[in-house]
């Protein structure tokens, strides 16, 4: 992943696979957020299984929400 503005990049290890959602026909980057922190969680590519990145464990007091961004060329 790379920030196009700053040109800084990082490698992301995709450690798991998940079955593709047949209804998903858009490329998506998915983030999970808790409190003030967000983590890259999943990449979805139409016609392929989804790839998941590990995220830190959370405590029961932390709430979690999922953010999905549709990707376009």
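A few remarks follow.
- Any chance residue 24 is within 10 Å of the chain's Cα centre (by Cα), surrounded by 11 or more Cβ atoms within 10 Å (Cβ to Cβ) and either modelled with pLDDT under 80 or on the phi < 0 side of the Ramachandran plot (or both): no
- Near pairs, Cβ below 9 angstrom, 6+ apart or cross-chain, from segment 1-25 (in contact (Cβ under 8 Å) with a residue 40 or more places away in the chain) to any residue that is surrounded by 10 or more Cβ atoms within 10 Å (Cβ to Cβ) and part of a loop (DSSP other than H, G, I, E, B): 12/1; 12/53; 13/53; 13/54
- Among strands (runs of 3 or more DSSP E) entirely within segment 1-57, having at least 2 residues that are out of contact with any helix residue (DSSP H, G or I) (no Cβ under 8 Å at 6 or more places or on another chain) and under 20 Å from residue 70 (Cβ atoms) singles out 28-34, 37-44, 50-52.
- Tally of residues being under 25 Å from residue 22 (Cβ atoms) and modelled with pLDDT of 70 or more across segment 56-70: 1
The values are calculated or read from the model by the stated rules, or taken from the named source; none is laboratory data. Here the structure is a predicted model, which is why all the values come from computation and not from measurement. All Cβ positions, glycine included, derive from the backbone under ideal geometry; neighbour counts span all protein chains shown.
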